[in-house]
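Following: one structure in structure tokens, then a few remarks.
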Amino acid sequence: MKEEKEEIKESMVMVGVQQHVICMKGGVGEESYALNSKSQTALLSKSMTLLEQAVLDLCCSTLPESVAIADLGCSSGPNTFFAVSKIMTVIYKRCRELGRSPPGFWVFLNDLPGNDFNSVFKSLPAFHEKMREENGEEFGPCYVSAVPGSFYHKLFPSSRLQFVHSSCSLHWLSQVPPELIDKKITNKGKIYLSKTSSPALINAYASQFQRDFSLFLKLRAEEIVPGGRMVFSLKARRIADPVPDESCLLWDLLAQALQELVSEGKIAEEKLDSYNAPYYEAYTEDIRREIEKEGSFSMDGVEIMVLPWDSGSDGVINYDRTTTAHKLSKSIRAVQEPMLATHFGPDIMDPLFLRFMQIIAADSREVEHVALLVSLTRKAEDNIYIHK
């Protein structure tokens, strides 16, 4: 009974830790997310055409005196204000073109409590100055606030938001599948899905994503006004195969680096076997079906965005293998280190990512980075139909 209580306690701690450390590496240091998020910048740039159309469509309706915009999974660094500045600029300029008084703006930046909000708010004066330079001194007012918390919980009052944006966040799950936490399924020597994953493990990850994504849509449907818009992107796969290289290769190489450190006695084997990523790349068609099934939104646009293996901020830079390995290792570290350091300890991070870089450099395989971009409109209540 004592051992069973300890296992339950450990499971609860694991879930709690995951909810607080699924955040990017803060600050502006060499290994920070702020300096190693060029692929995310490239995806944001690719999303701008669909985002701008969604904003223009919103402007066809009567806007309130203050438009409420939320960015979910805002992180920190140069990408934080990328989308919200575009949304506000398009609204402001379109209202001026139509002879309307432009609205003010409420901007809500959401991420988990561990996010580096201090860096975000230190950048606010420069952000406000940039918005005035681009739009004129009459732009605004614009009020910015942080909303710490999981977007798998309700974050705002009902019918509060006109526009919701989220970039490269929804592939992060609310938790590792419970079957792994309860040790009903094992994933020995791996940290995510792989070619050797059992059907039970694959189904556990797919089910966790389905529960989380369905809940996300339900919560946002409560918070967005009828006719409001939501544009989001997430890592996804183009084929039904749940374990293609483009979804699993980098996870396999990172697991290989961990396995080598286990064999050298630098990491306990049990530590590796108890770590699994709260992450899932869903099949694009499954995402479409889930939106239709939930029923609160109409789909205005869907695009598959693809970046090359060694993409830079413009999405087309090609490097030699050694340079690619160095840059990929740094970008993965900026995303993964808070979670890995919490589980394995901070002292192992340098040797882990050095080994990871060496493994990438020695491997000849390359995969494309795939994301799905979706534009939705919140249906009026009398138009909602939920598929059973």
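Things worth noting here:
- Some residue of region 290-299 being on the phi < 0 side of the Ramachandran plot and without any contact (Cβ under 8 Å) to a residue 12 or more places away in the chain: no
- For region 259-297, filtering for residues that are charged (D, E, K, R) and farther than 18 Å from GLY345 by Cβ leaves 9.
- GLU303 outside any helix (DSSP H, G or I), open to solvent by 10 Å² or more (accessible area, probe 1.4 Å) and at pLDDT 95 or above: yes
- Look at (1) touching a residue at least 40 places away in the same chain (Cβ under 8 Å); (2) assigned to a helix (DSSP H, G or I); (3) open to solvent by less than 10 Å² (accessible area, probe 1.4 Å) and you find that LEU201 fails only one, number (1).
- From LYS93, LYS46, residue being touching a helix residue (DSSP H, G or I) at 6+ places or on another chain (Cβ under 8 Å), modelled with pLDDT of 55 or more and part of a helix (DSSP H, G or I): LYS93
Residues are listed down the side, and each one gets a yes or a no for (1) charged (D, E, K, R); (2) open to solvent by 30 Å² or more (accessible area, probe 1.4 Å); (3) under 11 Å from CYS74 (Cβ atoms); (4) touching a residue at least 24 places away in the same chain (Cβ under 8 Å):
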position: GLY114; (1), (2), (3), (4): no, yes, no, yes
position: VAL120; (1), (2), (3), (4): no, no, yes, yes
position: CYS142; (1), (2), (3), (4): no, no, no, yes
position: ALA146; (1), (2), (3), (4): no, yes, yes, yes
position: PHE151; (1), (2), (3), (4): no, no, yes, yes
position: LYS154; (1), (2), (3), (4): yes, yes, no, yes
position: SER159; (1), (2), (3), (4): no, yes, no, yes
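- Any hit, region 361-369, residues being surrounded by fewer than 19 Cβ atoms within 10 Å (Cβ to Cβ) and part of a helix (DSSP H, G or I): yes
- Residue in region 257-270 that is open to solvent by 20 Å² or more (accessible area, probe 1.4 Å) and assigned to a strand (DSSP E or B) present: no
- Residues of region 46-88 satisfying the condition of being under 21 Å from PRO157 (Cα atoms) and buried (at least 17 other Cβ atoms within 10 Å of the Cβ): LEU58, LEU63, VAL67, ALA68, ILE69, ALA70, ASP71, LEU72, GLY73, CYS74, VAL84
- Exactly one residue out of PRO177, PRO113 is at pLDDT 95 or above and on the phi < 0 side of the Ramachandran plot: that is PRO177.
- Residue count, region 50-88 (criterion: over 22 Å from the mean Cα position of the chain (by Cα) and assigned to a loop (DSSP other than H, G, I, E, B)): 6
- Comparison of PRO346, PRO278 shows that the only residue that is touching a strand residue (DSSP E or B) at 6+ places or on another chain (Cβ under 7 Å) and farther than 30 Å from LEU58 by Cα is PRO278.
- LEU254 falls short on exactly one of the conditions (1) closer than 20 Å to LEU272 by Cβ; (2) open to solvent by 10 Å² or more (accessible area, probe 1.4 Å), and that condition is (2).
- Options PHE139, PHE156: the member that is under 24 Å from LEU173 (Cα atoms) and in a loop (DSSP other than H, G, I, E, B): PHE156
- Residue count, region 359-388 (criterion: among the hydroxyl-bearing types (Ser, Thr, Tyr) and modelled with pLDDT of 95 or more): 2
- Any hit, region 207-225, residues being under 20 Å from VAL367 (Cα atoms) and among the hydrophobic types (A, V, I, L, M, F, W, C): no
- Single match in ALA221, ALA236 (criterion: under 26 Å from THR324 (Cβ atoms) and crowded, with 20+ Cβ neighbours inside 10 Å): ALA236
- LEU340 satisfies every condition listed in (1) modelled with pLDDT under 95; (2) part of a helix (DSSP H, G or I); (3) buried (at least 16 other Cβ atoms within 10 Å of the Cβ) except (1).
- Scanning region 122-140 for residues that are among the small types (Gly, Ala, Ser) and touching a residue at least 24 places away in the same chain (Cβ under 8 Å) yields SER123, GLY140.
The values are calculated or read from the model by the stated rules, or taken from the named source; none is laboratory data. All values reported here derive from a predicted model rather than from experimental measurement. Methodologically, a virtual Cβ is constructed for each residue, glycine included, from the backbone with ideal geometry; neighbour enumeration extends over all protein chains shown. These area figures cover heavy atoms from the full protein model, side chains too; ligands, DNA and RNA do not enter into them. Shrake-Rupley method; radii C 1.70, N 1.55, O 1.52, S 1.80 Å.
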